[in-house]
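Engineer: Here's a structure for you.
The values are calculated or read from the model by the stated rules, or taken from the named source; none is laboratory data. Everything numeric in this text was worked out from a predicted model, so none of it was measured. Reconstructed Cβ throughout: ideal geometry from the backbone, glycine too, with neighbour counts over all protein chains shown.
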Amino acid sequence: MSLYYFDHAASAPRRDEVTEAMAPWMHGVVGNPSGSHRAARAARRAVEEARDVVAAFVGAKPGGVIFTGGGTESCTLAVAGAAQAHRRHHERTTLVVSSIEHHAVLDAAHMMARDHASVEVREIGVDTDGVLDLAALYDALDDTVALVSVMCANNETGVLQPLSAVAAAAQARGPGHVMTHSDAVAAAPWLDLVDSTAGIDAVSLCAHKMGGPVNSGALVLRRDVAIDALMPGGGQERGRRGGTVDVAACVGLAAALTCVEAERRRGHEQVRARQARLRAGLSALPGARVTVEAAATLPGTVHVTFADVASDELLFLLDQEGVCASAAASCSSGAAVSSHVLAAMGVAASRARGSLRLSMGHETSDDDVTAVMNAVERALARLAAETGPSR
């Protein structure tokens, strides 16, 4: 059976370039980058070269790159680390986040509010296309705000967020008063982050969404913001994240970023064309509705909902035909949970339960798109036949 992989937004296929770059650091002597002997120096050189690549990808200085164990840790460090640093010197600490953030951001913010009475979380809503309500953001900003966190692009729908306006709103409170953070994990494979996140203080990255290794990410700082280390000890990563740095993970992240940068420079026209074709084909199916109608989205993501269909049943039938897809974010240990993103957009629960996210990469072919559209059509027909007599 052929495999049709349409779940890049969950984890992209591992790139050959990444495997080759990591290979020397996956066996034998791998020195501790904090040491002084020649094996340690070789490891440190590899880590610092990777740091240069990550910094350039975002448009920051190498000293602002903090290697982490993935995107979730990166987001948690930004949110909880900023809150911890702020609350030591202020009576009240407010964290402002969008209502459609990944749980890596939302859970970190609400954890701080749960554990500390002086911390408050303000969630900013979105419109029906999932774009941030900027007027509500401005209203939420006051002298207690330590951090504003708004993702670059949504991981479920692919909708781009107005980060330049977010940065302007924070800067209006005064230079350096409010730290801004953006989860760019979903956006990094597609957008020029030097431009897209230009006014943002801290940016989170994750390697495996770009064909790199799992458990590899970074928090990139554009200025010297106050962030407490959540894992102290040892002084690694300039005191912001303790623990021995994984050389292979750093090298793998840099290799993935190099590949992504080359793809972006060649352009995403073919992926955009396949996205348009897939959206048109799916929207013509019975009971289908493309989730985002007007807002700009990432090239590789198509999100659609179906009336009177359960996502788990649809995904089961698609899996039988070799189609790898998802209903929403793939971070809940396989549990079927309602999407907070669709709820924030005002999508009715009856439609949200029939959601389908198809996410592509540059290796996705026209034949793949055709096969997936046909598979979805057959699955819907089968579900309708099975449930029809009881209606």
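Engineer: Restrict the check to the stretch 268-288 and report whether at least one residue is assigned to a strand (DSSP E or B) and either farther than 30 Å from A42 by Cβ or under 22 Å from the mean Cα position of the chain (by Cα) (or both). Quick ask: steps written out before the conclusion?
Structural biologist: First, the residues of the stretch 268-288 that are assigned to a strand (DSSP E or B): 288.
Okay, now just the ones that are also either farther than 30 Å from A42 by Cβ or under 22 Å from the mean Cα position of the chain (by Cα) (or both), so 288.
The answer is yes; a qualifying residue exists.
Engineer: Got a sec? Which helices (runs of 4 or more DSSP H) wholly within the stretch 1-88 have at least 1 residues that are touching a Leu at 6+ places or on another chain (Cβ under 8 Å) and within 24 Å of H103 (Cα to Cα)?
Structural biologist: 38-58, 71-87
Engineer: Based on what the data block shows, is S2 hydroxyl-bearing (S, T, Y), at pLDDT below 95 and over 30 Å from D142 (Cα atoms)? Working first, answer last.
Structural biologist: Details: hydroxyl-bearing (S, T, Y): yes; at pLDDT below 95: yes; over 30 Å from D142 (Cα atoms): yes.
The answer is yes for S2.
Engineer: Right, D7: closer than 30 Å to V323 by Cβ and either at pLDDT 95 or above or among the charged types (D, E, K, R) (or both) or not?
Structural biologist: yes
Engineer: Cβ-Cβ below 6 Å, separation at least six or inter-chain, first residue in the stretch 87-115 and without any contact (Cβ under 8 Å) to a residue 60 or more places away in the chain, second polar (S, T, N, Q): which pairs?
Structural biologist: Listed by first residue and then by second, the contacts come to R87/T93; R87/S118; R92/S118; R92/T144; T93/S118; T94/T144; V97/S149; A108/T76.
Engineer: Can you pull out the residues in the stretch 14-38 that are of a type in the set (A, V, I, L, M) and either surrounded by 14 or more Cβ atoms within 10 Å (Cβ to Cβ) or in contact with a Cys (Cβ under 9 Å, 6 or more places away or on another chain) (or both)?
Structural biologist: Matches in the stretch 14-38: V18, A21, M22, V30.
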